[in-house]
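Taking it in order: structure first as structure tokens, then the write-up.
The values are calculated or read from the model by the stated rules, or taken from the named source; none is laboratory data. A quick note: this is a predicted structure, and the numbers were derived from the prediction, not measured. We place every Cβ from the backbone using ideal geometry, glycine too, and count neighbours over all the protein chains shown. What goes into the accessible areas is simple: the full protein's heavy atoms, side chains included, and nothing from ligands, DNA or RNA. Shrake-Rupley method; radii C 1.70, N 1.55, O 1.52, S 1.80 Å.
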Amino acid sequence: GCVLVVSVIEQLAQWHNSTVKAAMERLCDYIPGKYQIRHHMSCCIDREMNPDVVCHALRLCKQDPGQPLCHLYSPPKKEKHSCGLFHALAHAKPKCQIRSKTFMGFSSVCAFPLLANLCEKIKHVLRNKLPFEDFDGDKFSTFPTLRGYHWRGRDCNDKNTTVYPGRRPDNWDANSDSNCNGIWGVDPKDGIPYEEKFCKGADSKGVVLLGDSAGAHFHIPPEWMTVTQMSAKSFANLPMAFSDELDWPQFSEITGFLNSTIGGWTDSLYLRLRKRNRCNHRDLQNISQNVHFPINIAPYLSFSLARNQLLDNPAIVIYATIGNDVCNGERDTLAHMTTPKEMLSNVVQALRYLDSHLPNGSHVILTGLVDGRFLWDNLHDRYHPLGQLNKDVTYSQLYSFLDCLQVSPCSGWLTPNETLRNLTSERALQLSNVLKEIARSEKFANFDVFYMDFPLRQTAEEWRKMGGEPWQLIEPVDGFHPSQIAAALGTGITWQKALREWPQVLGKENPFNDQIEAIFKDQGGY
């Protein structure tokens, strides 16, 4: 974090030909809220010292005994041998000693005044995967972030626990909208409730994603660290982004419903199901989490999933942990990957839980793991947003830096070691085969199970036909997650496969869609 902030400050000073102090003032003016620590840091930054040297001198970065000295930038030019960074650090420390103690209290992002209260809310949300503001306790909210309706359908009455998206209508919603799809009341012409007239027998169903950070749609805006594009407008979405854990599920491949503001466009399974049957409005849940270790989904389903087997509509559940079972930041990464035996146990355990909670007629789609060699092959020699101004930080350097800190999102794929990349992909294929076999052999009472490969190859081919480059399918800041473009293209590929091979999963097209929109266009909302 320190290296990132110092990099931006130094580059702002360079781009605007200003002092470091002026650059820091500029950055603080851009960011919502004012931080009182700015002067403690600015006295220690020197445009002749690279950010690694500054942050080690401030003691915000440190070298653990027996561990290498981690750095993002190349060592100072005067001494490019292995001691170059140590030499620069020795000269920098006296300048920063006085202030480093003052700054030590802010080594956690949650110590910033603007974010302290927000961090407490985020910790609560991370523990529970549920809305922070949910007055009736039905797991749906009228608040967008903090796991609110960006993550699951918007509640239309947060004071009534029997009113929420996805339920079967109460008395055909003649008097009120019990399932929040915006369709309620009685047609005065014939006395038939609109919900009964338009949605009875329409095979309504919701969509639920059980996923990882890719499914949550993790994204750090590149304009936050690209000084040539930076302005106050660049950081306008910062509070919202932190409140959503730097995820953007409202634009995601499975549950997206808003027009993208982070590039590309939004196309999602939910939007297509809604277009196919307007009665599906708001019936979505994104139960994904940002971790860089294997996920056993079953334990947190019990308090995160909102589905009543007796009262609610069936659901299409997408099980898509496309990388976490082979991705970790450990030095001995292979030893910490999920084994095929563990994968079988974890997934079957989750499916058994779903079978006891999903309404009959539901469907589960197991998505295979991605082949992450695509990342290194298309990014390693390109410049990261932090390195574009001075052509001094490639993705290869970023990956090595994160790996040294043992916080790499995927040590097995984000590495120059081709053998390790291949071994990681081999394990990913083994785990995908486990999922394929589960779909072939396991039977459940309340849903059928299907398998599909993660459509990376088809997505890349489709993007090339549109004139795009493969690297544009990867998030530019973290160099790891699928981008907004990749998410939108992936939706179309998944939909076409479902239409061809599992049309029963998608349900029928509702012939009353136009009438529903005409009558209730102002009541649907989001």
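Data table
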quantity	calculated
For Tyr30, net neighbour charge (Lys/Arg +1, Asp/Glu -1) across residues whose Cβ lies under 11 Å away	-1
The range 391-422 and the range 472-526: distance between their alpha carbon centers, rounded to Å	33
Average Cα contact separation per residue, the chain, under 8 Å, 6 or more apart, as relative contact order %	15
Estimated dipole of the range 196-291 in Debye, rounded to 20 [Cβ of Lys and Arg +1, of Asp and Glu -1, Cα centre]	620
Highest to lowest packing among 415-422, 271-278, 245-252, scored as the average C-beta count within 10 Å	245-252, 271-278, 415-422
Semi-axes of the equivalent ellipsoid for the chain, Cα gyration tensor, largest first, Å	45, 27, 20
The chain, accessible area per residue, ligands and nucleic acids excluded (1.4 Å, Å²)	44
Compactness of the range 277-394, expressed as Rg and Dmax over alpha-carbon positions, Å	19.0, 61
DSSP-assigned coil residues among trypsin sites (Lys or Arg not before Pro) in the range 118-164, each with at most 10 further Cβ atoms within 10 Å	Lys159
Positive dipole terminus of the chain, leading residue within Met240, Gly182, Ala486 (C-beta point charges)	Met240
Protection-proxy order for peptides 208-220, 423-435, 348-360, each taking the mean of Cβ atoms within 10 Å per residue, highest first	208-220, 423-435, 348-360
Cα-only radius of gyration and Dmax that characterise the range 125-206, units Å	14.3, 51
Estimated FRET transfer efficiency (Lys521, Gln63; beta-carbon r; R0 41 Å; 0.05)	0.10
Theoretical gain in end-to-end length, Leu499 to Leu311 [0.36 nm per residue, Cα-Cα removed]	64.9 nm
MRE, 222 nm, helices only [DSSP H, n ≥ 4, -39500 (n - 2.57), over the chain, to nearest 500]	-11500 deg cm²/dmol
Carbon plus sulfur fraction of accessible area for the range 380-449, probe 1.4 Å, in percent	48
At q = 0.08, 0.10, 0.13 Å⁻¹, base-10 log of I(q)/I(0) for the range 205-505 (Debye sum, equal scatterers on each alpha carbon)	-0.34, -0.54, -0.93
GluC sites (Glu not before Pro) lying in DSSP loop within the range 120-205, provided at most 15 other Cβ fall within 10 Å	Glu133
Relative contact order (%) - criterion: Cα under 8 Å, at least six apart; region: the range 242-356	19
Long-range lysine pairs (8 or more apart or interchain), the range 205-505, Cα under 21 Å	8
